[in-house]
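Before any comments, here is the structure.
The values are calculated or read from the model by the stated rules, or taken from the named source; none is laboratory data. What you see is a predicted model, and the numbers here were worked out from it, not measured in a lab. Heads up, the Cβs are rebuilt from the backbone with ideal geometry, glycines too, and the neighbour counts pull from every protein chain shown. Side chains are part of the model used for accessible areas, which takes the heavy atoms of the whole protein and leaves out ligands, DNA and RNA. Shrake-Rupley method; radii C 1.70, N 1.55, O 1.52, S 1.80 Å.
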Amino acid sequence: MTARVKLLKALILGAPASGKGTISSRIVKKYKIEHVSSGDKLRDHIEKQTDLGKEVKVYLNEGKLVPDDVMIKFMITELGKVNNKPWLLDGFPRTVAQANALWKVQPVDVVLNLVVPFEVIIDRVKNRWVHLASGRVYNIGFNTPKVEGKDDDTGEDLVQRPDDKPEAVKKRLEIYESVTRPVIDFYKDKGILTQFEGRTSDEIWPKVTTYLDPILSK
Ligand code: G5P
Ligand code: MG
């Protein structure tokens, strides 16, 4: 696709810790579009101890997928709240059932698939720190916070995700291989998927802008 799309509906796919959140925040900043991250939204519910948060907590902590029926209802409702703005969806869909459900109500225009070697990913998660309220993410040595353990913008505490423990990371990568990889084929078959390969987000980012500029820049 090369023509500029006004209200773009975009997806970003990629293995756990492949840099979806990192690349998404750069896209949001450059193109002023709405970032809708299923993981950030679920973590916010857990933090606020809502009914949904209590229901999903155990899945996230163990690195398992939240059941499709819960996720589909939740994310379709969340997308319905994004009024008249282009959006970038991150973390959903993660199963073919979710992809089918989304396609019926919100057929997406473009899909970006990040391809990062697993050995790079495993190394990264050890050094990840997040600011829960905003979803801002840091990595020691890559984008180190200005003050250790504190968010750059608010000065609030950073935390490590329970699902970044080695056992949970292993589980997340296994689930990605078996359950989420077929989602890539779902969008390949529709002819709307583009792959972005690299070992670092800085290597991937210029490829993403070359692709998105003709679609999103004025
Ligand atoms: P999430 O939150 O969607 P994942 O596992 O898909 O979780 P994650 O871990 O959030 O993905 P990411 O967004 O792809 O990773 O990556 P990131 O946060 O940007 O980067 C990872 C780390 O690497 C960061 O510390 C970053 O600073 C650093 N980094 C980035 N680039 C570089 C680089 O070039 N160099 C270096 N050194 N570092 C770098 O989902 C979480 C859970 O929610 C549930 C599931 O339980 C899931 O496990 N869930 C769902 N369940 C069912 N269906 C769904 N649709 C669900 N969505 C969420
Ligand atoms: Mg993320």
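The table below gives the values:
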item: Looking only at region 163-195, and only at residues there that are touching a strand residue (DSSP E or B) at 6+ places or on another chain (Cβ under 7 Å) and modelled with pLDDT of 95 or more, the one that is farthest from GLU62 (Cα to Cα); result: ILE192
item: Test: residue in region 1-8 that is under 25 Å from ARG136 (Cβ atoms), over 16 Å from the mean Cα position of the chain (by Cα) and not in a helix (DSSP H, G or I); result: yes
item: Filter pass, PHE118 being out of contact with any Pro (no Cβ under 8 Å at 6 or more places or on another chain), among the aromatic types (Phe, Trp, Tyr), near ligand 1 (Cβ under 7 Å from one of its atoms) and within 24 Å of VAL159 (Cα to Cα); result: no
item: Single condition VAL105 does not satisfy, out of (1) over 18 Å from the mean Cα position of the chain (by Cα); (2) closer than 14 Å to LEU13 by Cβ; result: (2)
item: Pair list, Cβ < 6 Å and 6+ apart or interchain, from region 88-100 residues that are more than 7 Å from ligand 1 (Cβ to nearest atom) to residues that are assigned to a loop (DSSP other than H, G, I, E, B) and modelled with pLDDT under 95; result: LEU88/ILE33
item: Matching residues in region 134-177 - criterion: being assigned to a loop (DSSP other than H, G, I, E, B), within 16 Å of ligand 2 (Cβ to nearest atom) and surrounded by fewer than 16 Cβ atoms within 10 Å (Cβ to Cβ); result: SER134, PHE142, GLN160
item: Residue that is surrounded by the most Cβ atoms within 10 Å (Cβ to Cβ) [pool: residues in region 68-93 that are in a loop (DSSP other than H, G, I, E, B) and modelled with pLDDT of 95 or more]; result: PHE92
item: Residue in region 94-102 that is among the basic types (Lys, Arg) and away from ligand 2 (no atom under 16 Å from the Cβ) present; result: no
item: Test for ILE12: is it touching a Leu at 6+ places or on another chain (Cβ under 7 Å), of a type in the set (A, V, I, L, M) and either within 28 Å of LYS126 (Cβ to Cβ) or open to solvent by 40 Å² or more (accessible area, probe 1.4 Å) (or both); result: yes
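The rows are residues; the columns are (1) closer than 14 Å to GLY91 by Cβ; (2) open to solvent by 40 Å² or more (accessible area, probe 1.4 Å); (3) more than 9 Å from ligand 1 (Cβ to nearest atom); (4) not acidic (Asp, Glu).
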position: ILE23; (1), (2), (3), (4): yes, no, no, yes
position: HIS35; (1), (2), (3), (4): yes, yes, yes, yes
position: LEU42; (1), (2), (3), (4): yes, no, no, yes
position: GLU55; (1), (2), (3), (4): no, yes, yes, no
